[in-house]
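Here the structure comes first, spelled out in structure tokens, and everything after it is commentary.
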Amino acid sequence: MKTQYYTATSLDGFIATEDDSLDWLFPLGDLNNSSYPAFISEIGSLAMGSATYEWMLRNASKIAEEAGSPWPYAQPAWVFSSRMLPRVDGADVRFVSGDVSPVHAKMRAAADGKNIWIVGGGELAGQFYDAGLLDELIVQIGSVTLGKGKPLFPRRVLSPILRLVSVRQMSAGMAEARYEIHKGDLGETA
Ligand SMILES: NC(=O)c1ccc[n+]([C@@H]2O[C@H](COP(=O)([O-])OP(=O)(O)OC[C@H]3O[C@@H](n4cnc5c(N)ncnc54)[C@H](OP(=O)(O)O)[C@@H]3O)[C@@H](O)[C@H]2O)c1
């Protein structure tokens with residue numbers, strides 16, 4: 001059972017533009033011809049921040065066209081926010097705020113031996129990392145730069161904490177790199 005931050009990023013380390021657009025991402029590859037189907041089949045619960053959740057609300061009709069439902073996840077989801085947010089009909093979503101550790105314990109119980117997905121954003125993934133709860137970083141690196149935007153992982157993580165375990169070219173537009181986080185080396189973080 002692993003806690004995984006799985007996301008796509010631009011070459012210069014942004015997961016969305018400053019105004020939360022992902023329009024740069026979709027031309028780069030087809031989700032169904034990526035590692036995503038195998039990845040999601042091993043996920044038992046997931047967490048995201050409010051900007052990611054609100055992106056899903058704004059794009060509900062596009063998601064429904066592709067996934068058959070405005071909420072594409074069968075797994076229980078935790079959404080971190082300090083605000084009251086609208087619900088998506090039929091979605092198994094729990095709204096939470098504050099310390100990620102007690103939420104992770106609940107996610108682990110709900111995942112029932114499967115993996116936990118930290119969907120994003122980067123700061124939320126960083127909070128799981130700070131708590132020593134993140135096991136893997138799996139990034140699809142798009143062949144684009146954005147100049148500025150929402151950061152992939154706003155933390156300073158120095159060698160040898162991240163260990164590159166695989167690199168795969170998915171297309172001319174995307175490569176995937178997988179890193180294990182060696183928690184024994186977390187004391188090295190500056
Ligand atoms: N490229 C990709 O594959 C990919 C993957 C995931 C997401 N995205 C996109 O990337 C962007 C991410 O946005 P973002 O960086 O702003 O991150 P985010 O994690 O989606 O949202 C950040 C917000 O979540 C809330 N939050 C975070 N941690 C919290 C905590 N511990 N307790 C309570 N609330 C907490 C805060 O807002 P409030 O308290 O004000 O609600 C915070 O401002 C979105 O546009 C998303 O669609 C892209």
Segment 25-38, residues that are outside any loop (DSSP other than H, G, I, E, B) and either surrounded by 17 or more Cβ atoms within 10 Å (Cβ to Cβ) or within 12 Å of the ligand (Cβ to nearest atom) (or both): Phe26, Leu28, Leu31, Tyr36
Top-ranked residue in segment 131-148 [being under 16 Å from the mean Cα position of the chain (by Cα) and not β-branched (Val, Ile, Thr); ranked as farthest from the ligand (Cβ to nearest atom)]: Asp135
Pairs, first farther than 20 Å from His182 by Cα and of a type in the set (Ser, Thr, Tyr) in segment 120-149, second at pLDDT 95 or above and buried (at least 20 other Cβ atoms within 10 Å of the Cβ), C-beta under 6 Å, six or more apart: Thr145/Ser10
Subset of segment 79-91 [more than 14 Å from the ligand (Cβ to nearest atom) and surrounded by 14 or more Cβ atoms within 10 Å (Cβ to Cβ)]: Val88, Ala91
Number of the condition not met by Gly149 [criteria: (1) crowded, with 18+ Cβ neighbours inside 10 Å; (2) within 22 Å of Ile40 (Cα to Cα); (3) touching an Asp or Glu at 6+ places or on another chain (Cβ under 6 Å)]: (2)
Leu164 vs. criteria loosely packed, with under 15 Cβ neighbours inside 10 Å, in a strand (DSSP E or B) and not polar (S, T, N, Q): yes
Residue check, Asp20 surrounded by 14 or more Cβ atoms within 10 Å (Cβ to Cβ), touching a residue at least 40 places away in the same chain (Cβ under 8 Å) and acidic (Asp, Glu): yes
Positions within segment 97-119 being near the ligand (Cβ under 8 Å from one of its atoms) and either touching a residue at least 40 places away in the same chain (Cβ under 8 Å) or in a helix (DSSP H, G or I) (or both), in sequence order: Val100, Val119
Qualifying residue in segment 3-24 (condition: assigned to a helix (DSSP H, G or I) and more than 9 Å from the ligand (Cβ to nearest atom)): no
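The values are calculated or read from the model by the stated rules, or taken from the named source; none is laboratory data. Model, not experiment: these values are computed from the prediction. Please note: Cβ atoms are built from the backbone with ideal geometry, for glycine as well, and neighbour counts cover all protein chains shown.
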